[in-house]
Amino acid sequence: MIRAKVVRSWQTLSKRQRNELRRLANRARDAGLRGRCKVILALVRGTSPTLIARGGLCAKSPVFRVAGRFLAGGLAGLADRREDNGRLKVTPAYQAELLRLVDQSPQEFGYRRPTWTQELLILVLAERVDIAVSASTMSRLLDRMGVGLKRPKPIVQCPWRPARRRRRLRAIERLVMHLPADEVAVYVDEVDIHLNPKIGPDWMRRGRQKEVPTPGCNQKRYLAGAWDPRARRLVSVEGERKTSLLFLELLHKLATTTYPDARRVHIILDNYGIHDSLQVRLALKSEAAARLELHFLPPYCPDQNRIERIWKDLHDNVTRNHRCASMEDLMAEVRCYLAARNRCRRHTYARAKTA
């Protein structure tokens with residue numbers, strides 16, 4: 001009965017209106033409008049509401065509801081009716097205040113909880129903007145604005161005064177930008193390689209969690225590396241202990257093997273103890289190390305050391321969730337990745353197949 005009524009109403013439409021309905025069924029931006037148009041077209045073709053529901057387009061009851069709207073108002077009856085709901089609650093001022101709240105903590109507004117929940121955001125915004133929304137509206141708004149649950153970054157505040165910190169960073173930046181052709185500037189740091197894999201996110205099927213076997217008894221190796229941003233080259237040495245000898249081995253390699261003809265090699269590094277030990281100070285006074293000059297970054301400024309990104313990529317591509325059974329196998333993978341990166345083919349390691 002309902003199909004026959006829809007067909008008769010369809011026949012009363014002009015050719016232009018029929019083409020418009022077909023176009024909306026395929027290209028309408030609103031998914032709801034596309035679905036309603038597809039329901040009408042399916043009924044016109046003779047498909048029963050039961051078959052439409054089995055096809056997954058919608059449930060059986062919405063088919064009758066959409067058909068009733070079409071019979072009552074024609075093509076206009078399929079339009080979205082949400083514009084009749086009244087004035088929108090979510091205003092630009094509401095969204096701007098939401099972004100300000102997300103960047104802060106609930107404790108700054110007198111609450112004990114240190115992290116936000118959707119309910120707490122709704123409550124604080126209602127107090128500040130005098131607009132209350134539902135939890136579902138807040139969930140959609142957060143998704144639309146690109147706000148989600150993420151892991152914060154732990155930092156340690158630099159003990160220096162801000163002006164002193166800025167002066168040191170600007171001096172190092174000017175050094176790198178205006179470096180003479182016969183001088184070299186490298187960023188130096190060390191990284192720990194653990195046989196116990198670092199656990200990180202990976203793609204998994206719903207309801208199934210991958211397992212990463214661990215050896216149990218952890219082993220460690222250490223890399224001391226120097227990143228040359230101008231030549232885009234990484235120089236590294238390996239060691240079983242992270243001591244001043246490992247750092248001096250890297251300096252010796254830079255001075256004698258990597259940059260033997262450079263007039264001066266500028267070493268930009270952090271304030272780790274092995275970089276400024278008595279052993280290092282005595283070694284730098286020798287005639288062989290006269291071309292080396294150390295430039296220490298302000299304390300607790302890892303983001304200013306460009307080699308830190310290299311180590312992050314190393315963990316992402318090699319050590320995270322790795323399945324190497326021995327430290328020798330793991331270090332072989334590390335060397336392979338660093339060699340591929342120095343060849344300016346960063347994705348060579350990721351795409352290469354194991355034998």
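No value in this document is a laboratory result; all are computed from the given coordinates. Just so we're clear, the structure is a prediction, and the values are computed from it rather than from any experiment. As a convention, Cβ positions derive from the backbone with ideal geometry for all residues, glycine included, and neighbour counts pool all protein chains shown.
So which of A288, A262 is more than 32 Å from the chain's Cα centre (by Cα), more than 30 Å from D329 (Cα to Cα) and assigned to a loop (DSSP other than H, G, I, E, B)?
Being more than 32 Å from the chain's Cα centre (by Cα), more than 30 Å from D329 (Cα to Cα) and assigned to a loop (DSSP other than H, G, I, E, B) holds for just one of A288, A262, which is A262.
In the range 232-255, how many are in contact (Cβ under 8 Å) with a residue 24 or more places away in the chain and either in a loop (DSSP other than H, G, I, E, B) or β-branched (V, I, T) (or both)?
4
Which condition does L75 not pass, out of (1) without any contact (Cβ under 8 Å) to a residue 60 or more places away in the chain; (2) under 30 Å from L43 (Cα atoms), if it passes all the others?
Unmet for L75, out of (1) without any contact (Cβ under 8 Å) to a residue 60 or more places away in the chain; (2) under 30 Å from L43 (Cα atoms): (1).
Look through the range 331-342, keep the residues that are in contact with a strand residue (DSSP E or B) (Cβ under 8 Å, 6 or more places away or on another chain) and under 13 Å from E238 (Cα atoms), and return whichever of them is surrounded by the most Cβ atoms within 10 Å (Cβ to Cβ).
Within the range 331-342, the match that is surrounded by the most Cβ atoms within 10 Å (Cβ to Cβ) is V334.
What residue, among those in the range 122-144 that are without any contact (Cβ under 8 Å) to a residue 24 or more places away in the chain and of a type in the set (K, R), is surrounded by the most Cβ atoms within 10 Å (Cβ to Cβ)?
R140
Kindly list the number of the only condition in (1) assigned to a loop (DSSP other than H, G, I, E, B); (2) surrounded by fewer than 14 Cβ atoms within 10 Å (Cβ to Cβ); (3) free of Cβ contacts under 8 Å to residues at least 40 places away in the same chain; (4) not small (G, A, S) that fails for E119.
Tallying (1) assigned to a loop (DSSP other than H, G, I, E, B); (2) surrounded by fewer than 14 Cβ atoms within 10 Å (Cβ to Cβ); (3) free of Cβ contacts under 8 Å to residues at least 40 places away in the same chain; (4) not small (G, A, S), E119 fails exactly one: (1).
Considering only the range 242-252, I want to know if a residue exists there that is more than 21 Å from M327 (Cβ to Cβ), among the aromatic types (F, W, Y) and surrounded by 15 or more Cβ atoms within 10 Å (Cβ to Cβ).
Looking through the range 242-252, at least one residue is more than 21 Å from M327 (Cβ to Cβ), among the aromatic types (F, W, Y) and surrounded by 15 or more Cβ atoms within 10 Å (Cβ to Cβ).
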